[in-house]
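The values are calculated or read from the model by the stated rules, or taken from the named source; none is laboratory data. What you are looking at is a predicted structure, and each value in this text was computed from that prediction instead of being measured. Methodologically, a virtual Cβ is constructed for each residue, glycine included, from the backbone with ideal geometry; neighbour enumeration extends over all protein chains shown. Ligands, DNA and RNA are stripped out before the accessible areas are found, and what is left, the full protein with its side chains, is counted by its heavy atoms. Shrake-Rupley method; radii C 1.70, N 1.55, O 1.52, S 1.80 Å.
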Amino acid sequence: MGYDAAPPAAATTITLRPLQLLAPFCLLALCACRGEDPPPNIILISLDTLRADHLSCYGYGKDTSPRLDAFAAGATRYTACRATAPWTVPTHASLFTGLHPFEHGAHSFDITVLADNVHPLDDAAPTLAQVLAGGGYRTGAIVANQVYLAPEFGLDRGFDDYELSRVRAPELSARAATWIDAGDGPFFLFLNYLDTHRPYNIAGPDGSEDSAPSEHPSVLLDQLHEQVMVEGRAPEAELLAQVIEQYDRSISNLDAGLGQLFTSLADRGLLANSWIIVTSDHGEYFGEHGLVEHSKDVYEEALAVPLIVRAPGQVQGEVVSAPISSVDIPRLILGGALPAHSAHWEVLFPHAQGNHGVLAQNYFSRPIDLLHPTIGPRLRRVRTVLYGDGYKFIHSSDGLHELFDLGADPRESNNLYGQDAERDAELRGEVQALLAGPRAHAPSNAEPRELDPER
């Protein structure tokens, strides 16, 4: 079927090197010596747990995101962006390093007792923040996901300021403006919003929540989880509608906070000299494929994420349908913002849109599901996805492989694996060769960490 998923030879022969082994450089000094304008600001925005198909600008039937829609109308919107994993740590590690989970190593591992089963980011993997800080950028992060974006996972490397604050979108946007005002010169700012993650932000316009305790987002999500994943039945229509309505309401509240951010940037004159990248780390399941929430499997509800990029001064919108991945974002940022200095980071960030097959992975799952007597056996596996030629192949360590024609079957309901033995063997071989290649990360021997009461 002309499946084209293998990465290029050049990308598979590069060995990771610690950043300090590379020749140091300063972008600000280079620009000054050449009489160039200062490099542009860079703002990378991660909308935690936001699936693309619930945004108005991605075709959703409800008007959930008018402010983000207006932003997208004057930006470049990518319609085929996939996260590298269905949960926070591995995808953010990909956003920062331009590497897949099997390359950067920051993913889950199997456990048999209750513990935190996540490897931190490989120290040898340079991050976008490190590279920009080394080039003279002021770097900062304001992060709402206090658990899985905590410094212990190594995702804070390169940031001068790294603030963990589980606040809602308006407050986070206000803190972003404060951070911007606190310094001079070009900056790289990473923002992580958590409004669309459990418990969904269902606050009203005045910030209050008028739902009864029995209708709290976590209560309803738990009921949906029980029906779908534990009892193995279709969700009750009324309950499903309530959960989705709460999720959509959380998107609207997130959208209001983003509108506040965009306004503050415009008021400061920063839209003329800033690259703004809006994406998500993963989506959310609402009963599809017998799943609820995320981190559990690699279907499109969890992997299809938004990607909207606005160049400095851009006013004309553009739509790009070519496949793109979270691993491509560092090169996308640096190639757009600082193209004259590409020699400094093309080795560090080998993956770019179009030079490799789009890949996603999930290693086992989170402890609460992995150790569940009913749910756990299904999730005790490693799933690797390859996209190509309109098809999606899921290689599963338990042998339950899947293949879908996404054009004809976007909901992944008709598994084509097993219909063509030669094709199936070719696909399995591609995945196995990729995972055994020279860029594969050596597994860590780190022991599972005990979960303290707060965690």
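Things worth noting here:
- Scanning the range 177-202 for residues that are more than 20 Å from the chain's Cα centre (by Cα) and under 23 Å from L68 (Cβ atoms) yields A177, T178, W179, I180, F187, I202.
- The single condition from (1) within 16 Å of L291 (Cα to Cα); (2) open to solvent by less than 10 Å² (accessible area, probe 1.4 Å); (3) free of Cβ contacts under 8 Å to residues at least 60 places away in the same chain that S365 fails is (3).
- Of the residues screened, S264 is not one that is crowded, with 20+ Cβ neighbours inside 10 Å, of a type in the set (G, A, S) and modelled with pLDDT of 95 or more.
- Cβ-Cβ contacts under 6 Å between residues 6 or more apart (or on different chains), taken from a first residue in the range 37-66 that is under 20 Å from L303 (Cβ atoms) and open to solvent by 10 Å² or more (accessible area, probe 1.4 Å) to a second residue that is in a loop (DSSP other than H, G, I, E, B) and of a type in the set (G, A, S), are listed as R51/G283.
- All of (1) surrounded by 14 or more Cβ atoms within 10 Å (Cβ to Cβ); (2) over 26 Å from L99 (Cα atoms); (3) aliphatic (A, V, I, L, M) hold for L451 with one exception: (1).
- Residue that is most open to solvent (accessible area, probe 1.4 Å) [pool: residues in the range 195-229 that are of a type in the set (A, V, I, L, M) and either in a helix (DSSP H, G or I) or touching a Cys at 6+ places or on another chain (Cβ under 8 Å) (or both)]: V219
- Scanning the range 393-413 for residues that are free of Cβ contacts under 8 Å to residues at least 24 places away in the same chain and in contact with a strand residue (DSSP E or B) (Cβ under 7 Å, 6 or more places away or on another chain) yields a total of 5.
- Set side by side, the residues G390, G313 differ, and just one is open to solvent by 10 Å² or more (accessible area, probe 1.4 Å), touching a residue at least 12 places away in the same chain (Cβ under 8 Å) and within 29 Å of G135 (Cβ to Cβ), which is G313.
- Among the residues making up the range 49-64, those that are part of a loop (DSSP other than H, G, I, E, B) and over 19 Å from the mean Cα position of the chain (by Cα) are G59, Y60, G61, K62, D63, T64.
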